[in-house]
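Heads up, the thing below is written out as structure tokens.
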Amino acid sequence: MNIRRINALLNKEIKSLYRVPATLFLAILFPIVLTGAFGLAFGGGSAIGNSTYTVGIVDLDNTVWSEYFIGNISENEVFVNTSYSDSETGENDLAQGKISALIVIPTDFGASIDSYWLNSTNPSTWTNVTVELFVDQGSLIASSAIPPLIQQLLFTTLYGESATNAPQSPIRLGNPAEVDSEHTTQFDLMAPGMFAFAAIFITMIVADAFTEQRSKGLLRRIQLTPTSPSEVILSSMLANMATAILQVGIVFAVASLLGFKSQAELTGLLLSFIMVMLLALISVGFGLIAASLAKTPGAATGISFIFILPQMFFGTFVPGSSDIGQLVPSYYVTDALTSILLRGAAITSETVIYDLLVLIVYCIVVIIVGIGIFAKFGREK
Amino acid sequence: MKQNGIKVQNLFKKFGDFTAVNDLSFEVKSGELFGLLGPNGAGKTTAISIMTGLLEPTSGTAFVGGFDIKSHINEIRKLIGVCPQEPAFYPYLTGRENVELFGNLHNVPKKVLKQRTEELLELVGLVEGATRRAGNYSGGMIRRISLVMALINDPEIAFLDEPTVAMDPQSRRATWGFVKNLKERNKTVILTTHYIEEAEALCDRVGIIDEGKIIALNTPQALMQEHNANDLEGVFLKITGKKIRE
Ligand SMILES: Nc1ncnc2c1ncn2[C@@H]1O[C@H](COP(=O)(O)OP(=O)(O)OP(=O)(O)O)[C@@H](O)[C@H]1O
Ligand SMILES: [Mg+2]
């Protein structure tokens with residue numbers, strides 16, 4: 001290992017990053033465009049789009065007020081109502097995915113509103129109640145979009161259409177999930193996956209760089225100098241970690257601009273960062289494997305997708321099955337970052353530590369296998 | 001005294017059934033400019049690839065600078081400079097950056113590298129072109145920058161695989177001067193070519209190679225005398241009944 005050589009190779013890699021249009025696009029512009037596009041489409045609370053949700057309602061109150069609230073819900077174009085006589089049947093249907101949410105209006109709902117209007121300035125005289133809300137945890141859209149909307153309808157029911165600022169209220173909406181749904185947009189839920197998303201594509205950058213250098217005779221030419229293969233691979237790793245650092249910065253900046261708020265503390269941010277770096281290293285390993293299997297640079301791009309697509313569909317914000325997700329490394333990054341950035345989970349929490357350990361093991365294995373396969377099959381074609 | 005010669009003994013290289021190098025044996029003395037002259041497909045590049053450790057021989061051995069290619073390739077790589085037949089360079093780097101990259105890979109001291117880069121660029125007439133990306137170079141410029149990349153470590157033993165192919169006559173003369181300069185500084189040079197004039201003008205001794213075999217080896221003068229020919233083309237014709245270049 002010679003620092004000067006590694007430095008020279010690293011320097012060359014960094015230059016390719018901004019001088020080769022294809023690399024520049026994949027490494028830098030792509031994350032900006034991606035984050036920007038999703039941010040504009042799903043950010044800022046306008047997460048609903050054109051879809052409608054079936055909401056089950058259990059009215060234990062049966063007063064004019066509860067009927068008025070139900071009326072408000074059914075008037076909203078996003079919701080379709082079905083009513084249940086008891087909450088158990090409703091929860092059952094929710095569990096089976098027949099409805100997206102279940103609202104339970106408590107017995108004292110009407111009485112509570114009456115008590116508010118009787119003496120709206122004196123909270124001590126109010127009857128306080130909680131409207132229970134259950135949301136389908138399996139649906140990102142339902143769990144993020146429905147609670148704020150119901151909250152808003154509840155607000156209208158209580159204070160009327162014209163009310164603008166939220167005064168104190170005797171009626172509370174039960175917390176549907178661990179996440180602070182009032183501020184969580186669809187985009188917020190996607191953001192952790194975006195950090196992983198960008199790093200996944202490093203596989204393609206690496207596979208392409210190595211097959212290009214091989215087909216142009218550059219790997220051979222480097223081999224004719226005292227440079228060792230480990231110096232070449234290490235410099236590629238360093239360069240791509242630098243790329244990942246840049247990507248994290250870009251995704252974070254663009255996402256923040258578009259309203260993403262991280263709940264993480266400094267240690268959480270640091271760990272998130274480390275996890276994306278681990279994913280970047282894993283991507284380098286996959287890139288080496290793809291370059292070894294491919295005969296030409298074009299084939300390398302194709303083979304890279306074998307590593308990219310499953311990670312994209314099962315391990316980022318792109319909806320897919322999370323059972324299969326457990327097999328791909330990006331899943332663990334997204335999972336941990338969701339806990340850290342969205343829920344403000346401590347870095348010592350069980351999920352985060354588990355995710356980190358899986359990633360570290362994954363990283364070691366993929367790098368060793370990648371270097372081994374490349375040394376054996378990848379240097380000459 | 002430094003031992004910078006080359007010794008090749010009974011070298012064979014087979015690709016499947018095809019024998020590309022067929023019982024090749026020769027010696028290059030320290031400080032000698034040795035030419036391998038032969039038609040396309042004769043096995044010149046294959047022989048160089050074996051001597052520089054890019055290909056393993058099917059059988060036989062070779063020593064470069066006194067080191068066995070099989071066991072001491074890392075030592076050999078510190079001594080040699082190789083100009084490949086297909087010039088390899090990074091198109092997104094400038095000419096100078098390509099040269100400096102390879103200087104760094106050879107661990108040439110920083111100061112020396114800077115000075116030598118300028119000298120060599122001047123010698124091949126690429127001082128102005130050196131700031132442009134190599135991807136935009138003409139064929140001849142690519143050849144010249146590739147030569148500079150090969151010699152940036154001022155190697156004791158230089159392998160030049162058809163260094164003047166695709167060069168205009170001026171560049172070719174300049175390159176010849178360049179190669180002669182290496183010899184004057186007592187470097188060992190092995191040069192492959194299928195240009196008769198080049199072999200005659202430059203080489204101390206020429207090995208004529210055909211179908212993987214050395215069919216004649218001597219100084220150009222001695223070869224012409226021996227075979228009663230006016231030039232090396234005639235020598236080749238007399239021995240094989242073919243022309244070097246059809
Ligand atoms: N990797 C390989 N696999 C199969 N055959 C090969 C391989 N490399 C070279 N050959 C064959 O070996 C023979 C010698 O090739 P080589 O490149 O050494 O010739 P050369 O003398 O350098 O020719 P030229 O003047 O065209 O450069 C050719 O017939 C070539 O097709
Ligand atoms: Mg050749």
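The values are calculated or read from the model by the stated rules, or taken from the named source; none is laboratory data. Here the structure is a predicted model, which is why all the values come from computation and not from measurement. FYI the Cβ positions are ideal-geometry reconstructions off the backbone, even for glycines, and counts take in every protein chain you see. Only protein heavy atoms, including side chains, enter the accessible area calculation; ligands, DNA and RNA are left aside. Shrake-Rupley method; radii C 1.70, N 1.55, O 1.52, S 1.80 Å.
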Extreme residue, most open to solvent (accessible area, probe 1.4 Å), among residues of segment B:72-86 that are part of a loop (DSSP other than H, G, I, E, B) and within 16 Å of ligand 2 (Cβ to nearest atom): B:GLU86
Count - residues of segment B:87-127 that are assigned to a helix (DSSP H, G or I) and either surrounded by fewer than 16 Cβ atoms within 10 Å (Cβ to Cβ) or within 16 Å of ligand 2 (Cβ to nearest atom) (or both): 8
Among (1) in contact with a Lys or Arg (Cβ under 9 Å, 6 or more places away or on another chain); (2) more than 26 Å from B:ARG144 (Cα to Cα); (3) at pLDDT below 95, the one test that B:PHE63 misses: (3)
Of residues in segment B:1-23 being open to solvent by 50 Å² or more (accessible area, probe 1.4 Å) and within 16 Å of ligand 2 (Cβ to nearest atom), the one nearest to the other protein chains (Cβ to nearest Cβ): B:PHE15
Segment B:13-40 residues that are free of Cβ contacts under 8 Å to residues at least 60 places away in the same chain, paired with ones that are open to solvent by 10 Å² or more (accessible area, probe 1.4 Å) and in a strand (DSSP E or B) (beta carbon under 6 Å, 6 or more apart): B:GLU27/B:LYS7
Breaking point among (1) assigned to a loop (DSSP other than H, G, I, E, B); (2) away from ligand 2 (no atom under 16 Å from the Cβ); (3) open to solvent by less than 30 Å² (accessible area, probe 1.4 Å); (4) out of contact with any helix residue (DSSP H, G or I) (no Cβ under 9 Å at 6 or more places or on another chain), for B:PHE26: (1)
Filter result for B:LEU182 (within 14 Å of another protein chain (Cβ to nearest Cβ) and modelled with pLDDT of 90 or more): no
Selection from segment A:105-125 of residues that are free of Cβ contacts under 8 Å to residues at least 60 places away in the same chain and open to solvent by less than 30 Å² (accessible area, probe 1.4 Å): A:ILE105, A:PRO106, A:GLY110, A:SER112, A:ILE113, A:SER115, A:TYR116
Qualifying position, being of a type in the set (S, T, N, Q), in a loop (DSSP other than H, G, I, E, B) and either modelled with pLDDT of 75 or more or within 20 Å of A:ALA101 (Cβ to Cβ) (or both), among A:SER144, A:SER169: A:SER169
One residue from B:GLY38, B:GLY65 being within 15 Å of ligand 1 (Cβ to nearest atom) and of a type outside the set (Asp, Glu): B:GLY38
Residue match in segment B:173-181 (condition: crowded, with 20+ Cβ neighbours inside 10 Å, more than 16 Å from ligand 2 (Cβ to nearest atom) and not in a helix (DSSP H, G or I)): no
Selection from segment B:81-108 of residues that are of a type in the set (A, V, I, L, M) and facing chain A (nearest Cβ under 7 Å): B:VAL82, B:ALA88, B:LEU93, B:LEU101, B:LEU105
Index of the failed condition, B:LEU160 passing every other in (1) within 16 Å of ligand 1 (Cβ to nearest atom); (2) away from every other protein chain (no Cβ under 14 Å): (2)
Qualifying positions in segment B:29-71 - away from chain A (no Cβ under 14 Å), assigned to a loop (DSSP other than H, G, I, E, B) and within 13 Å of ligand 2 (Cβ to nearest atom): B:GLY38, B:PRO39, B:ASN40, B:GLY41, B:ALA42, B:GLY43
Residue match in segment B:213-233 (condition: assigned to a loop (DSSP other than H, G, I, E, B) and touching a strand residue (DSSP E or B) at 6+ places or on another chain (Cβ under 7 Å)): yes
Failed item in (1) part of a helix (DSSP H, G or I); (2) crowded, with 22+ Cβ neighbours inside 10 Å, with A:LEU238 passing the rest: (2)
Residues of segment A:15-40 classified as within 11 Å of chain B (Cβ to nearest Cβ) and either in a loop (DSSP other than H, G, I, E, B) or open to solvent by 30 Å² or more (accessible area, probe 1.4 Å) (or both), total: 7
Among (1) surrounded by 22 or more Cβ atoms within 10 Å (Cβ to Cβ); (2) free of Cβ contacts under 8 Å to residues at least 24 places away in the same chain; (3) touching an Asp or Glu at 6+ places or on another chain (Cβ under 8 Å), the one test that A:GLY217 misses: (1)
Hits in segment B:128-153 - residues which are more than 18 Å from A:LYS12 (Cβ to Cβ) and not in a helix (DSSP H, G or I): B:GLU128, B:SER138
Enumeration of residues in segment A:1-12 that are more than 10 Å from chain B (Cβ to nearest Cβ) and open to solvent by less than 50 Å² (accessible area, probe 1.4 Å): A:LEU10
Filtered residue count, segment B:14-23, keeping only those that are assigned to a strand (DSSP E or B) and near ligand 1 (Cβ under 8 Å from one of its atoms): 4
